[in-house]
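K.L.:
Please find one structure pasted underneath; my questions will follow.
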Amino acid sequence: MRPEVWSQYLQKLAQQESVGGGQAIEGGKPQVPDIDAKKLFWRMMKISRAPDPYMYPALRKLGESGKFVLGAFSNNVTFPTGILDDEGKLFTKELIHPPAPNPYANDSTDITTCFDIFLGSAVVGVRKPDPEAYKLAVREMDKIARKKGMGSVTEGDTLFLDDIGINLKFAKKTGLRTIKVNLGKTKDAVKELEEAVGIPLLDEKAKL
């Protein structure tokens, strides 16, 4: 963290009494918070490996229905092998499923197996929100749909879910339908998805 940037930020807040910025300043001098960025990063990476309790079951149900072509496009990077986390443990991107009686306890730990196609920006050379990313995804899903005898797939047939506004904005401009997945509100997104696809994706307990 750059102390001078934090200092400028807190000084600006201190001038706006209504914001309450003065609470972060002791004796008129900005205090830089003690944050272990490396530990915070690895904590985030570990949490992200736990499947979402609403979105993951919905994804499984969509796949089991056999009615849809499921595709994913990830803005990712290629990590070299042998990376150790903050605890010295070997880094892995594998999912961590909750144990039984969770119905998905024995599922594959490879998230890509949940999709008919999984595109990563590090491999295909284009990233969201570039319109070419969406066009590529649609083309690839169209190929799969035709091979399965499901007909063609167009931009208008494609329902795109994302948590980032700019990605959704350009997806919509490219012709895709969209659903915003707000942080901490995946249940709401699944409800909207359920209405769009016409099959139940939430169990009765989740609907309460």
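What follows is calculated from the coordinates using simple rules that are stated; it is not laboratory data. Just so you know, these numbers come straight off a predicted model, no measurement behind them. Ideal geometry is used to build each Cβ from the backbone, glycine not excepted, and the neighbour counts take in all protein chains shown.
K.L.:
Return the distance in nm (one decimal) between the two label points of a simple spin-label model at Lys173 and Glu4, each offset 7 Å from Cα along Cα→Cβ.
P.N.:
Modelled inter-label distance: 3.5 nm.
K.L.:
For Phe73, what residues show an amide H to amide H distance below 5 Å, using hydrogens built from the backbone and excluding near sequence neighbours?
P.N.:
Leu119
K.L.:
Would you mind checking the tilt of helix 3-14 against the longest principal axis of the Cα atoms of the chain, expressed as 0 to 90 degrees and rounded to 10?
P.N.:
Approximately 80 degrees, to the nearest 10.
K.L.:
With everything on Cα atoms, drop me the angle between helix 37-47 and the longest principal axis of the chain, reported from 0 to 90° to the nearest 10.
P.N.:
30 degrees
K.L.:
Right, here's the next one. Show the residues, 5+ positions off or on another chain, whose built amide H is closer than 5 Å to the amide H of Val126.
P.N.:
Distant-sequence amide H within range of Val126: zero hits.
K.L.:
Considering Cα pairs under 8 angstrom that are at least six residues apart, work out the relative contact order of the stretch 51-207 and quote it in whole percent. Don't skip to the answer; put the middle values down first.
P.N.:
Details: 193 pairs, mean separation 35.2, N = 157.
Across the stretch 51-207, relative contact order equals 22 percent.
K.L.:
Okay, moving on. So how far apart, in nm, are the two label points at Lys67 and Ile35 if each is 7 Å from Cα heading toward Cβ?
P.N.:
4.4 nm
K.L.:
Under a 5 Å amide H to amide H cut-off, with H placed in plane at 1.01 Å, what residues pair with Ile96 once short-range neighbours are removed?
P.N.:
Ala50
K.L.:
Taking only Cα atoms, what is the 0 to 90° angle, nearest 10, from helix 131-147's long axis to the longest principal axis of the chain?
P.N.:
For helix 131-147, the angle is close to 30 degrees.
K.L.:
How many angstrom lie between the C-alpha centres of the stretch 47-104 and the stretch 108-182?
P.N.:
Taking the Cα centre of the stretch 108-182 as reference, the centre of the stretch 47-104 is 17 Å away.
K.L.:
Taking a threshold of 30 Å on the Cα-Cα distance, which of the pairs Lys38/Lys172; Lys46/Lys185; Lys12/Lys173; Lys93/Lys135; Lys67/Lys172; Lys12/Lys128 fall above it?
P.N.:
On the way: Lys38/Lys172 36 Å; Lys46/Lys185 20 Å; Lys12/Lys173 37 Å; Lys93/Lys135 27 Å; Lys67/Lys172 23 Å; Lys12/Lys128 34 Å.
Distance filter (> 30 Å) returns Lys38/Lys172; Lys12/Lys173; Lys12/Lys128.
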